[in-house]
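Written out below as structure tokens is the structure these notes cover.
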């Protein structure tokens, strides 16, 4: 028993979750939406995450579960200042996915690793993900990429400057891009857009991010936004055949839509009516003269009778 507990104490878990207060049903956290998994270290988790940590300790890698957490193991009597949707003494519900976990080497938790150690660990995960990707094992590949991303969460990245930040981004950004490639293959386009956008927030001219986001947007019918991304990508890689091909497909799509709309509108309005021929001016003058003549004759007859 103590050996198992000690093992858990030296493990860190990468999880995705949605969380909401049971009484209000208002969601207050969603790591899937943010495209950033969270790291939890058993025994070192935040106080308000105690219930979640206990729940994931019994889960298997890749498993999803719905966890009910009492207020005592959540945000307590006061509720949450950071999340107004969590009132005092609020029981919580978590929808959780355990992406995976690592045994910390020599009892060292991820938060205690040096910058170099964390980047190296993330790089190993990325390489494993690439191997799965080559085998078309997309779900396993994404699991490895997300584990790599979890090594470099926001708290960690905010501390980095200069060469260390560049080193971390050289691993983190390819993981987001590879995640996007997997998600496009799985037709999960909105999630792919999110990962590309994270990369573009760091490197606005990243050709792969622009291309994959443009492709995903095109699949969702967001043609104007897709063209903007792809044109920008072509500006930085004018000879890239894949970019040129996607732009050509968008042009063909626009032409097909225009032709279809043209046929629909033609059917609605029908042929343009022909203008009616104007009446002859001579005919009008003749009728005016005839009416005036009849009036004169009537007037003359009345005068004669008087």
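The values are calculated or read from the model by the stated rules, or taken from the named source; none is laboratory data. Keep in mind the model is a prediction, meaning the values are calculated, not measured. Cβ sites come from the backbone with ideal geometry, for glycine too, and all protein chains shown count toward neighbours.
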Check your understanding: Going by the conditions given, is residue 232 modelled with pLDDT of 95 or more and surrounded by fewer than 14 Cβ atoms within 10 Å (Cβ to Cβ)?
Key -> no
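Tell me whether the range 172-182 contains one or more residues that are assigned to a loop (DSSP other than H, G, I, E, B) and either buried (at least 17 other Cβ atoms within 10 Å of the Cβ) or at pLDDT below 95 (or both).
First, pick out the residues of the range 172-182 that are assigned to a loop (DSSP other than H, G, I, E, B): none.
No - not one qualifying residue is present in the range 172-182.
I need the full set of residues from the range 130-151 which are touching a strand residue (DSSP E or B) at 6+ places or on another chain (Cβ under 7 Å) and within 16 Å of residue 170 (Cα to Cα), in order please. Break it down stepwise before answering.
Step one: filter the range 130-151 for residues touching a strand residue (DSSP E or B) at 6+ places or on another chain (Cβ under 7 Å), giving 143, 146-147, 150.
If the condition is that a residue be touching a strand residue (DSSP E or B) at 6+ places or on another chain (Cβ under 7 Å) and within 16 Å of residue 170 (Cα to Cα), then 146, 147, 150 are the ones that fit.
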Check your understanding: Can you find a residue in the range 197-218 that is more than 30 Å from residue 157 (Cβ to Cβ) and out of contact with any strand residue (DSSP E or B) (no Cβ under 7 Å at 6 or more places or on another chain)?
Key -> yes
